[in-house]
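Enquirer: Below is the structure I would like to discuss, written out as structure tokens.
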Amino acid sequence: MDTTDPDITFDEHGVSSHVHHFEKYYAKTLKAATNNERASELEKLVLEIKKSGKNKPYDCVVGVSGGIDSTYLIYQAVQLGLRPLAVHFDNGWNSEIAAENIKNTMKHLGVDLVTEEIDQAELLDIQLAFLKASVPNCEIPTDHAFPAVAYKQAVKYGIKYILSGTNIATESVLPKAWGYDNGDPKHLKAIHKRFGKVPLKEYPVMGWFRRKIWYGGIHGIATIPLLDYMRYVKNEAKAKISSELEWKDYGGKHHESVFTRYFQGYYLPTKFNFDKRLAHFSSLILSGQMTREEALKELENPTYDKSLQKQDHYYIARKLGITPEELNAIIDLPPQSHLSYPNHSKSRLLWGRHVDNVGAVLGILRRKLWF
């Protein structure tokens with residue numbers, strides 16, 4: 001990591017604040033998981049998930065994208081004897097490889113898949129609005145919608161657990177200045193109101209109350225980062241799912257989506273000088289899966305193929321309903337902070353913990369009283 005993260009600091013030995021944060025909050029948990037020292041915790045958790053799903057068709061929801069994290073997650077869920085319902089949020093940007101990976105994974109694991117779509121005109125309009133807003137995190141429209149899709153299926157089938165592919169091993173480093181909370185409905189609606197044109201009728205705007213109190217408390221749905229309970233080494237996981245599930249590599253992290261590939265590989269480096277590979281590689285270095293020298297060598301290469309970048313630029317512009325020149329003009333606009341638009345960041349600091357606590361208490365009471 002370097003000073004493209006404006007909040008980074010270094011101690012007298014040149015060690016960054018990201019390393020200190022990792023050592024303080026994540027290192028112990030990751031070491032235990034990597035050494036299989038969380039096996040008893042995992043066993044207890046699996047038994048609880050199975051108990052919650054008794055006499056139901058499924059006992060957990062797993063979101064799948066065709067990427068390595070979600071594929072390995074659902075593979076492990078099945079290996080542990082769980083009965084997951086796979087849920088895919090199709091935002092219209094899937095690469096062909098991602099679609100094939102999902103198909104092959106479901107075939108080999110014998111897992112049921114539900115694919116949810118949102119009105120494309122609405123989703124494309126809000127994605128374009130975020131680009132016009134000139135903010136870093138243009139993935140918010142997708143990342144905000146997916147939990148609503150997962151919760152919807154969980155409620156439909158009475159499922160109490162959503163398994164998440166978020167993990168410490170490959171995602172411990174992510175500068176706050178490079179993005180913004182995708183769960184802030186005030187921020188999302190403010191940007192869409194200013195730059196959007198299509199009314200949001202089907203797009204699922206979801207606030208903290210609905211997420212924490214309604215789903216987490218009333219319905220008692222918990223989200224579990226299952227990969228943090230086990231050894232998760234990226235290359236080992238790739239080899240396993242490649243051999244057993246016919247999974248194919250699509251390149252960089254999250255490049256299973258054409259929009260994400262372009263967003264991370266061209267938009268962010270060009271407009272903000274943010275190269276997410278710095279964070280991705282730093283996470284792998286901290287988890288002992290990559291050396292600093294290997295990372296620096298890899299960073300000498302382009303974020304992804306230049307000809308494909310150009311192809312993606314034309315494709316994305318056309319799909320968003322603008323010309324490539326108009327997309328270039330958007331990228332040339334001065335960068336803006338997410339905080340320059342209305343947001344809930346202050347109220348989140350004041351009330352967020354209380355909402356989380358109320359949701360957690362309601363969830364515990366519900367599990368004790370109504371299971």
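Enquirer: Listing Thr223, Thr260 from the residue with the fewest other Cβ atoms within 10 Å to the one with the most, what is the order?
Expert: Thr223, Thr260
Enquirer: Can you give me the C-alpha center-to-center distance between segment 196-253 and segment 269-286, rounded to a whole angstrom?
Expert: After rounding, the separation between the Cα centres reads 21 Å.
Enquirer: Right, here's the next one. Test of understanding: ordering Val15, Val87 by Cβ neighbours within 10 Å, fewest first, what list do you get?
Expert: Arranged by neighbour count, lowest to highest, Val15, Val87 become Val15, Val87.
Enquirer: Rule-of-thumb check for segment 1-142: C-alpha Rg over 2.2 N^0.38 Å?
Expert: Details: Rg = 20.1 Å, N = 142, 2.2 N^0.38 = 14.5 Å.
Relative to the rule-of-thumb radius for its length, segment 1-142 sits at 1.39.
Enquirer: According to the Kirkwood expression over distinct Cα-Cα pairs, how big is the hydrodynamic radius of segment 96-175, in Å? Kindly include the intermediate steps, with their values, before the conclusion.
Expert: Details: mean 1/r = 0.0643 Å⁻¹.
Final number for the Kirkwood radius of segment 96-175 is 15.6 Å.
Enquirer: Still on this structure, please answer the following. Just rank Thr3, Thr170, Thr34, fewest to most, by other beta-carbon atoms within 10 angstrom.
Expert: In order of increasing Cβ crowding within 10 Å: Thr3, Thr34, Thr170.
Enquirer: Would you please calculate the Kirkwood hydrodynamic radius of segment 1-44 over all C-alpha pairs and express it in Å, rounded to one decimal?
Expert: Value: 12.3 Å, from the Cα pair sum.
Enquirer: Mind listing the long-range amide H neighbours of Tyr161? Cut-off is under 5 Å, sequence gap 5 or more, other chains count too, H placed in the peptide plane at 1.01 Å from N.
Expert: Here the answer is Val61, Ala222, since their amide H atoms fall under 5 Å of that of Tyr161.
Enquirer: Can you give the log10 of the normalised intensity I(q)/I(0) at q = 0.17 Å⁻¹, computed with Debye over equal Cα scatterers of segment 99-228?
Expert: One equal scatterer on each Cα of segment 99-228 leads to -1.11.
Enquirer: Contact order normalised by length for the chain, with contacts defined as Cα pairs under 8 Å and 6 or more residues apart; what percent is it? It would help to have the intermediate numbers written out before the result.
Expert: Values: 516 pairs, mean separation 87.4, N = 371.
Once normalised by length, the contact order is 24 percent.
Enquirer: Out of segment 3-71, which trypsin sites (Lys or Arg not before Pro) are coil in DSSP terms and have no more than 15 other C-beta atoms within 10 Å?
Expert: Loop-located and lightly packed - Lys54.
Enquirer: Next question. Name the longest site-free stretch of the chain, where the excluded sites are GluC sites (Glu not before Pro) in a DSSP loop with no more than 15 other beta-carbon atoms within 10 Å. Could you put the intermediate results ahead of the total?
Expert: Values: sites that count: Glu12, Glu37, Glu202, Glu246, Glu300.
Segment 38-201 is the longest.
Enquirer: Sticking with this one: Name the shape class, rounded, prolate or oblate, that the alpha-carbon gyration tensor gives for the chain, where a ≥ b ≥ c are the square roots of its eigenvalues, rounded holds for a/c under 1.5, and otherwise prolate holds if a/b is larger than b/c and oblate otherwise.
Expert: Here the chain falls in the rounded category.
Enquirer: Still on this structure, I have one more. Under 18 Å Cα-Cα from Lys54, which lysines qualify once same-chain neighbours fewer than 8 residues away are excluded?
Expert: Answer for Lys54, where 18 Å is the Cα cut-off: Lys44, Lys156, Lys160, Lys368, listed by chain and number.
Enquirer: Using Cα positions and a limit of under 28 Å, work out the lysines in reach of Lys310, with same-chain residues fewer than 8 apart set aside.
Expert: Lys132, Lys197, Lys248, Lys253, Lys271, Lys276, Lys297, Lys319
No lab work stands behind these numbers, since they all come straight from the coordinates. What you see is a predicted model; the values in this text were computed from it and never measured. Every residue, glycine among them, receives a Cβ derived from its backbone with ideal geometry; neighbour counts consider all protein chains shown.
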